[in-house]
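Just below is one structure, and these are the notes that go with it.
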Amino acid sequence: MRSWIAGGIGVLAAVLVFSLLRPLSAPADLIMDVFSVAVLIFGTLEGEVSGAVFGAVCGLIVDAFSLGVFGLAGLSLTPGGFLAGYVSRKINIQSVFRTFVFFAVLAVGMFAAWAGLTVLVGRSLLPWSGGLIALRPVVSAVAASVIYEGIRRIKARHER
Amino acid sequence: MPRFLKERKNALVLAGLMFAQTILLSLQIPLGEEASFFERTAFAVLAPIQNGIRSLLRGGGDIWNRYVYLRRVEAQNRSYRDELFRLRQENTLLRNGLDRLENRAAAAAFLRGLRRAFVLADVIGIDAANPYKSIIIDRGSRHGLRNQMPVVDAQGRLVGRIIAPISAGEATVQLVTDTLSAIGVRGEEHPVSGILIGDPVTGRGWLTYVPASDESLVENEALTTTGFDRVFPPGLRAGTIISVQTDGSLFKKIAIRPAFDFRDLSIVAVLTGPVGENE
């Protein structure tokens, strides 16, 4: 139950940030995938099953706000959420740097899967915008690791 | 539950979710461009949430701008007062002109129709996967919006058209920079027609089906809609030619910069009247 509430709040927060990015600038949407960040953090915090479900929900939201093929984004975000939950329990991601590397690897994987599916299934090219989109996994990983570290410190303070 | 399934419960959940999404993909194949039931439902549920969030933020911004941050208000007021005066004069001149041209009843009907000819809308979201494909606006079927209605920006430059999904309070706008957008246009200086196709990779477009033998279209020439497609009224500014190339094929390769500015797309107008009544 707690996981579902956290998921709902996570989804709302992602939609909120996504809505906030638009007025800032168009490139902000390209270089920062808010939903990938949310999936990485939620999967790592709540485990593989919750991460996968959260990824599927976020995928549907991305596709609802997109003119592309419906169901496409979920195919990269669902395994992303699952792997974030599964792998984070198998390896040590206690330091900020390790968290960043872990998130960067997953973000690159999700980006590659999404790009491949967009080209193959969606039959459309990626919005390169002078290569800005290539920064997306790195920026997403930085944002995810900073937020995750913040959550971890708050949790640690509460436990003390 | 068998032990085999218990041990692999997590993997089975993942497989189930992936399978469900693959089915979702395959369900859309026969529908083509039409929005699927799932897409319409998700849009109907999520778009109002996004609209609510934007309204909330706008409300907060309004409080800040109205009661705290009052710099340049005096200068703005003066500028608006001058603009209002100019528009009133222009309006009076137009009304007088109409009265001279038509009888009073016809002129009044024309002015009433003009008020109903467009719906103003705020942009509440952009395409999550590719910002050059579509935007979401805060007006929907409740405000009279229907499929294929043209959308222009504050300067009257073509932005795109309304497409599905459309909910009661929100609608999707396909931008002219989307690949599936095809608009009949012609040169403002030279009457050469072609089809403007979007390019969401670069946020620009291509003017297609202009014969390679044609020499009249040149760089920096503005393009306006022809109205032949029965979707967009004629005369709307659609873009500007940025390069003209010939690569040995039957048609020229003409790159187009869209007329609207993507960075300045906060308010749009949906032309709700039929073609020919929006000019």
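State all residues of region B:1-33 that are at pLDDT 80 or above, touching a Ser or Thr at 6+ places or on another chain (Cβ under 9 Å) and among the aliphatic types (A, V, I, L, M); if no residue qualifies, say none.
B:LEU14, B:LEU17, B:MET18
Working only within region B:153-169, note down all residues that are modelled with pLDDT under 90 and either more than 12 Å from chain A (Cβ to nearest Cβ) or not in a strand (DSSP E or B) (or both).
Within region B:153-169, B:ASP153, B:ALA154, B:GLN155, B:GLY156, B:ARG157, B:ILE166, B:SER167, B:ALA168, B:GLY169 meet the criteria.
Got a sec? Which helices (runs of 4 or more DSSP H) wholly within region A:1-83 have at least 1 residues that are modelled with pLDDT of 90 or more and out of contact with any strand residue (DSSP E or B) (no Cβ under 8 Å at 6 or more places or on another chain)?
So the answer is A:34-46, A:48-64.
Looking only at region B:231-238, decide whether some residue is under 21 Å from B:ASP127 (Cβ atoms), within 14 Å of another protein chain (Cβ to nearest Cβ) and surrounded by 19 or more Cβ atoms within 10 Å (Cβ to Cβ).
no
When you scan region A:94-114, do you find a residue that is in contact with a Lys or Arg (Cβ under 9 Å, 6 or more places away or on another chain), away from chain B (no Cβ under 11 Å), open to solvent by less than 20 Å² (accessible area, probe 1.4 Å) and at negative phi, even just one?
There is at least one residue in region A:94-114 that is in contact with a Lys or Arg (Cβ under 9 Å, 6 or more places away or on another chain), away from chain B (no Cβ under 11 Å), open to solvent by less than 20 Å² (accessible area, probe 1.4 Å) and at negative phi.
When you look at B:VAL244, is it in a loop (DSSP other than H, G, I, E, B), open to solvent by 30 Å² or more (accessible area, probe 1.4 Å) and of a type in the set (A, V, I, L, M, F, W, C), yes or no?
no
In this structure, is A:GLY116 more than 13 Å from the chain's Cα centre (by Cα) and modelled with pLDDT of 85 or more?
yes
Condition (residue is open to solvent by less than 80 Å² (accessible area, probe 1.4 Å), at pLDDT 75 or above and within 13 Å of chain A (Cβ to nearest Cβ)) applied to region B:34-41: is it met by at least one residue?
Checked against the condition, which is being open to solvent by less than 80 Å² (accessible area, probe 1.4 Å), at pLDDT 75 or above and within 13 Å of chain A (Cβ to nearest Cβ), region B:34-41 yields at least one hit.
Any chance you could count how many residues in region B:45-67 are open to solvent by less than 50 Å² (accessible area, probe 1.4 Å) and under 11 Å from A:ILE61 (Cα atoms)?
3
The values are calculated or read from the model by the stated rules, or taken from the named source; none is laboratory data. Please read all numbers here as calculations on a predicted model, not as lab measurements. Cβ: placed from backbone, ideal geometry, glycine included. Neighbour counts: every protein chain shown. Keep in mind that these areas ignore ligands, DNA and RNA; they rest on the heavy atoms of the full protein, side chains included. Shrake-Rupley method; radii C 1.70, N 1.55, O 1.52, S 1.80 Å.
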